[in-house]
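Accompanying notes for the structure given below.
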Amino acid sequence: MASTNDIDEFPAVSIIIPCRNEKKHVHSFIQSLLSQDYPSDRIEVIIADGMSDDGTREILNEICATYDHIRVVENPKKIVPTGLNNAILEAKNDIIVRMDVHSEYAKDYVSKCVETLVETDAGNVGGPARTKALTFLHKAIAAAYHSSFAVGGAASHFEDIEGPVDSVWYGCWRKETLIKIGMFDEEFVRNQDDELNFRLQKAGLTIWQNPAIRFWYFPRDSLGKLFKQYYQYGYWKVRVILKHRRPASLRHLVPGAFVFTCFLLSVLTPFVLILRWILFGFLALYALFLLVGSIVTSSKSSWLYFPILPIVFAIYHMAYGMGFLHGLFVQAVGLSWHTRSTTSLSR
């Protein structure tokens with residue numbers, strides 16, 4: 001958006017934020033929010049609180065009492081898509097920008113979102129996910145996150161990609177677009193962003209990524225949390241595919257196919273001797289890929305991460321693939337999609 005001293009040239013914006021039990025992060029997020037260079041009297045901030053019970057709500061109440069343009073709406077169902085939808089319905093302005101408590105934002109984040117939306121007339125715009133990490137393991141997980149070997153070339157993981165993409169983080173839309181498309185599908189505890197972007201594309205709208213839209217995402221800081229996160233991503237991706245009768249990209253099928261092949265060969269090897277050698281060769285080839293992927297990623301980040309990267313990459317692949325197969329099994333036998341292990345979030 002061109003800089004201007006005339007406030008009337010700034011479209012009014014509604015910023016929506018899902019939030020639940022974020023006592024440790026809410027203060028730093030609010031500081032990032034208040035540092036935005038967009039005029040505060042052209043902004044309304046709607047925080048959808050999912051019945052926080054750790055003191056977050058009391059903090060939010062204090063913030064709302066201090067800043068007139070920030071308010072809280074209830075999210076009794078406690079999950080992200082219901083919180084987002086509640087906030088969307090409450091929004092008074094035509095342009096909606098989503099933010100999340102677990103990220104940091106450049107001061108021009110909102111400005112660049114609005115600028116890109118107006119200039120491209122896309123259905124949704126956003127920026128690539130830059131990562132911020134603190135510990136050794138955290139940084140290794142972040143390095144793998146930006147590798148095609150881990151994520152199959154998803155554009156939202158790479159800072160140098162600008163233009164039409166399959167999906168973007170968070171998002172900026174016109175409210176009328178969200179209402180027309182049906183807002184977020186509240187069935188999807190995970191993958192609600194991907195599913196919404198899938199519908200936008202099927203409706204003929206463009207998803208546009210602009211590297212000038214800058215924010216920093218904090219990836220999971222332990223192998224256990226990373227496994228749970230990508231297990232759930234794989235699990236809920238099956239539900240997205242079933243809903244739309246096709247995958248948004250063939251890369252979504254690869255981890256599940258890999259894990260299933262390993263499982264099938266392992267089951268059959270006691271009965272067919274040659275399958276033992278096929279399984280051995282298959283795993284040896286994968287180990288080679290892990291080695292090459294780790295070398296390439298270390299050369300771009302730091303060689304200190306090389307010893308742990310093969311394990312990190314394997315977790316990205318195996319967790320997603322196992323979750324995907326779990327989703328197929330649940331669908332095949334008619335079990336409930338919503339269980340504690342597949343809906344509780346790992347922070």
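The values are calculated or read from the model by the stated rules, or taken from the named source; none is laboratory data. Nothing here was measured: the structure is a model prediction, and the numbers come from that model. Don't worry about glycine lacking a Cβ; one is built from the backbone with ideal geometry, like all the others, and counts go over all protein chains shown. Just the protein is used for accessible areas: all its heavy atoms, side chains included, with ligands, DNA and RNA removed. Shrake-Rupley method; radii C 1.70, N 1.55, O 1.52, S 1.80 Å.
Applying the condition of being open to solvent by 40 Å² or more (accessible area, probe 1.4 Å) and hydroxyl-bearing (Ser, Thr, Tyr) to segment 221-238 and asking which residue is farthest from the chain's Cα centre (by Cα) yields 231. Selection of segment 125-136 for residues being touching a strand residue (DSSP E or B) at 6+ places or on another chain (Cβ under 9 Å) and open to solvent by 50 Å² or more (accessible area, probe 1.4 Å) yields only 132.
Per the listing 315, 295, 241, the residue uniquely among the aliphatic types (A, V, I, L, M), closer than 30 Å to residue 139 by Cα and crowded, with 18+ Cβ neighbours inside 10 Å is 315. Quick check, is residue 342 polar (S, T, N, Q) and over 19 Å from the mean Cα position of the chain (by Cα)? No, not satisfied. Closer than 30 Å to residue 186 by Cβ, out of contact with any strand residue (DSSP E or B) (no Cβ under 9 Å at 6 or more places or on another chain) and not in a helix (DSSP H, G or I), is that true of residue 251? So residue 251 fails the test. Considering the conditions (1) modelled with pLDDT under 95; (2) farther than 17 Å from residue 137 by Cα, residue 301 is excluded by exactly one of them, (2).
Every residue, every condition in (1) open to solvent by 30 Å² or more (accessible area, probe 1.4 Å); (2) over 23 Å from residue 235 (Cα atoms), yes or no:
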site: 260; (1), (2): yes, no
site: 270; (1), (2): yes, yes
site: 279; (1), (2): no, yes
site: 289; (1), (2): yes, yes
site: 301; (1), (2): yes, yes
site: 311; (1), (2): yes, no
site: 338; (1), (2): yes, no
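Scanning segment 164-182 for residues that are more than 25 Å from residue 316 (Cβ to Cβ) and within 17 Å of the chain's Cα centre (by Cα) turns up at least one hit.
For residue 264, the criteria (1) open to solvent by 20 Å² or more (accessible area, probe 1.4 Å); (2) in contact (Cβ under 8 Å) with a residue 60 or more places away in the chain; (3) closer than 30 Å to residue 283 by Cβ; (4) aliphatic (A, V, I, L, M) hold in every case but one, which is (2).
Residues in segment 244-258 that are closer than 18 Å to residue 332 by Cα and buried (at least 21 other Cβ atoms within 10 Å of the Cβ): 256 alone.
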